[in-house]
Amino acid sequence: MSVDATWVAVVGPGTASGEQAAAAEAVGAGLARAGAVLVCGGRGGAMEAACRGAREAGGTTVGILPGLDRREANPYVDVAIPTGLGELRNGLVVRAADAVIAVAGEYGTLSEIGFALKTGTPVVGLGTWELARGGERDPGIVVAADPADAVDRALALARR
């Protein structure tokens, strides 16, 4: 793992449907093939699927965990970082990344999207939240058509 590598956070639901998990796994594999480091919350659902895809494609995965026990990480996390911060660790996931890919998601994913947009970290969305302000669409989330498009867009935005 090079310090010059691009780090991309993959965020999504802790309990993912089969379709969501397949999308997250494809995103993880695409990031690994591009040489990016995948960072996530380190637990199950979309996070585990993304890590599985990255690991199987030869990539490196980092899990920033809510608890204090490294063993809470999914089996595809290479580097487990326990924080003891609970959901507050979402900010650390975002700050560790050069870009964020949100795959589907629940309120925890929405918080990560919010942290990313607040800090200027680009966000690519794949079947995730849509934002509006005063009834007008907010363009903060770059919408991707599919996992490969999400990876391409995130890497391009991260490298700007």
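The values are calculated or read from the model by the stated rules, or taken from the named source; none is laboratory data. In this text the structure is predicted, and so the values were computed from the model without any measurement. Don't worry about glycine lacking a Cβ; one is built from the backbone with ideal geometry, like all the others, and counts go over all protein chains shown. Ligands, DNA and RNA are excluded from the accessible area calculation, which covers all protein heavy atoms including side chains. Shrake-Rupley method; radii C 1.70, N 1.55, O 1.52, S 1.80 Å.
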Original post:
Can you tell which of ASP152, ASP98, ASP146 is modelled with pLDDT of 95 or more, of a type in the set (Asp, Glu) and in contact with a Pro (Cβ under 9 Å, 6 or more places away or on another chain)?
Top reply: ASP98
Subject >> Complete set of residues in the stretch 1-43 that are in a helix (DSSP H, G or I), under 21 Å from LEU92 (Cα atoms) and in contact (Cβ under 8 Å) with a residue 60 or more places away in the chain >> reply: ALA24, VAL27, LEU31
Subject >> Pair list, Cβ < 7 Å and 6+ apart or interchain, from the stretch 44-66 residues that are crowded, with 24+ Cβ neighbours inside 10 Å to residues that are β-branched (Val, Ile, Thr) and part of a helix (DSSP H, G or I) >> reply: ALA50/VAL27; GLY53/VAL27; ILE64/VAL93
Original post:
If you check ARG159 against the conditions, is it open to solvent by 30 Å² or more (accessible area, probe 1.4 Å), within 21 Å of GLY35 (Cα to Cα) and among the basic types (Lys, Arg)?
Top reply: yes
**OP:** Considering every residue within the stretch 23-32, establish whether at least one is more than 11 Å from the chain's Cα centre (by Cα), open to solvent by less than 10 Å² (accessible area, probe 1.4 Å), over 19 Å from THR121 (Cβ atoms) and at pLDDT 95 or above.
**Re:** no
Subject >> Subset of the stretch 67-97 (residues that are over 23 Å from LEU117 (Cβ atoms) and buried (at least 20 other Cβ atoms within 10 Å of the Cβ)) >> reply: ALA73, ASN74, TYR76, VAL77
Original post:
Within the stretch 104-128, restricting attention to residues that are farther than 14 Å from ASN90 by Cβ and of a type outside the set (A, V, I, L, M), which residue is surrounded by the most Cβ atoms within 10 Å (Cβ to Cβ)?
Top reply: THR128
